[in-house]
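In what follows, a structure is listed as structure tokens, so that the remarks can point back to it.
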Amino acid sequence: MSNKAIFFDRDGVINLRYIDNYVKSTDDFVFHKDIFQILPKVKTLNYKAIVITNQRCISRGIISESKLSEIHNFMQDELMNNCGFNFNAIYYCPHEKEFGCDCRKPKPGMILKASLDIDIDLSNSWMIGDSISDIEAGENAGCKTAYLNKNSYKSKANITGETLTEIWDKIIQY
């Protein structure tokens, strides 16, 4: 039997997004507090929790893949220490937009790879993101989508909300 998953964009959903800048170290990684309440709920309902994130800062030479790994290890450790759960997997695209890869959102490559690696039923899964490219990646993979947006922008997502808590409440009612 296939697993269901909640795919989370990283910057802007799990942690603070820096406009025109990047998370370059663990000191820059500031959690959105509601992830500590939502992640246990996701796991309790037997969803796999998976991070899907574009990280072109690697191809730009701003951080190395080993520095990204350090940041993700910090994220996983802090989640485990603060709520008793962490993500089942983390997928990232290190490429620039111009590279033409299949993994950079809005293309669905990372989600499709996760679905093969972890045996995920995409039709019973959700992509939560704070950008249109996140929503398009989820749609392109065959997931339901949730748009986290504090500005009430219109989107094609199945649901929208201003906080991760509001998004989660709508997912379980969907």
When every alpha-carbon pair in the stretch 57-172 is counted, what percent end up more than 16 Å apart? 67 percent
Say each of Leu16 and Met80 gets a label point 7 Å from the Cα, pointing the same way as Cα to Cβ; how far apart are those two points in nm? 2.6 nm
The distance between the Cα centres of the stretch 43-63 and the stretch 78-128, in whole Å, is 6 Å
Average projected area of the Cα convex hull of the stretch 1-137, in nm²? 8.0 nm²
What three numbers, in Å, describe the spread of the alpha carbons of the stretch 113-174 along their principal axes, ordered from the longest? 35, 23, 14
Could you look at the stretch 16-95 and say what percent of its accessible area is carbon and sulfur, using a 1.4 Å probe and all protein chains? 46 percent
What ranking do 158-167, 141-150, 6-15 get when scored by the average of other Cβ atoms within 10 Å per residue, highest first? 6-15, 141-150, 158-167
Scaled to the compact-protein estimate 2.2 N^0.38 Å, what is the alpha-carbon radius of gyration of the stretch 58-116, rounded to two decimal places? 1.31
Per residue solvent-accessible surface (Å²) - the chain, probe of 1.4 Å: 49 Å²
If you average 1/r over every pair of different alpha-carbon atoms in the stretch 1-59 and take one over that average, what Kirkwood value in Å do you get? 12.8 Å
Quick check for you: which residues of the stretch 1-39 have the amide N under 19 Å from the point 7 Å beyond the Cα of Asp121 toward its beta carbon? 1-7
Between Asn151 and Lys170, with labels modelled 7 Å along Cα→Cβ, what's the label distance in nm to one decimal, could you check? 1.7 nm
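The values are calculated or read from the model by the stated rules, or taken from the named source; none is laboratory data. The shown structure was predicted, so the numbers you read here are calculated from the model rather than taken from an experiment. Neighbour counts run over all protein chains shown; Cβ positions are idealised from the backbone, glycine included. Protein only, heavy atoms only, side chains kept; ligands, DNA and RNA dropped before computing areas. Shrake-Rupley method; radii C 1.70, N 1.55, O 1.52, S 1.80 Å.
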